[in-house]
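Remarks on the structure that follows.
Rule-based calculations on the coordinates, nothing more; no lab input. All figures in this text were calculated on a predicted structure; none of them were measured in a lab. With ideal geometry, Cβ positions are generated from the backbone for all residues, glycine too; neighbour counts draw on all protein chains shown.
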Amino acid sequence: MASPTVNPTENTTYNVVVTSAAGCSNSASIAVTTQTGAEITTDLPATAEVCQGVSQSFNITATGPGLTYQWYNAAGAISGATAASYTIASPVVADSGTYYVIVSPACGAPVTSNTVTLTVNPTPTATSPGNQIGCSGVATAP
């Protein structure tokens, strides 16, 4: 018995009828559900800016069957960054750069998010000249 091959582009139900040489027949219905690839519905911003030591999170929203995520920066894949969101808990200036995520569906080709450029600003240094003595009513430079 031959096995038919189909390539549906939408959900389809097939009715299969098998008839023997003696004229006996039987039928069955086969429902084929097609799955589409991934689609990013909420993407990354173009830029993000944060002060050193202040947590920074990136989030995307995607639809599609069996999605997996992998985040990247200029150095390549970020180990363990495999969710729809990625957080840098305590960024330093060296964390400045570009970030993006590739979303892979169970069916179809992977899709890549926008690239976000992160700027981590250094913490300013405050210095004190020490205690100053001044006369009442006379301006004193700090």
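Note the full-extension length gain between T13 and A31 as 0.36 nm times their separation in residues minus their Cα-Cα distance, in nm to one decimal. Write down the numbers at each step before the final one.
Details: separation 18, 0.36 × 18 = 6.48 nm, distance 0.42 nm.
This chain segment gains 6.1 nm when fully extended.
From largest to smallest, what semi-axes in whole angstrom does the stretch 1-78 give when each is the square root of 5 times an eigenvalue of its alpha carbon gyration tensor? Please list the in-between numbers first.
Working: eigenvalues 558, 30, 15 Å².
For the stretch 1-78, the ellipsoid semi-axes come out as 53, 12, 9 Å.
Tell me the volume per residue, in Å³, of the convex hull enclosing the alpha carbons of the chain.
Each residue corresponds to 170 Å³ of Cα convex hull volume.
For A83 and T125, FRET efficiency with R0 = 30 Å and r from the beta-carbon atoms, rounded to 0.05? Please report the intermediate quantities before stating the final value.
Values: r = 36 Å, r/R0 = 1.19.
Calculated value: 0.25.
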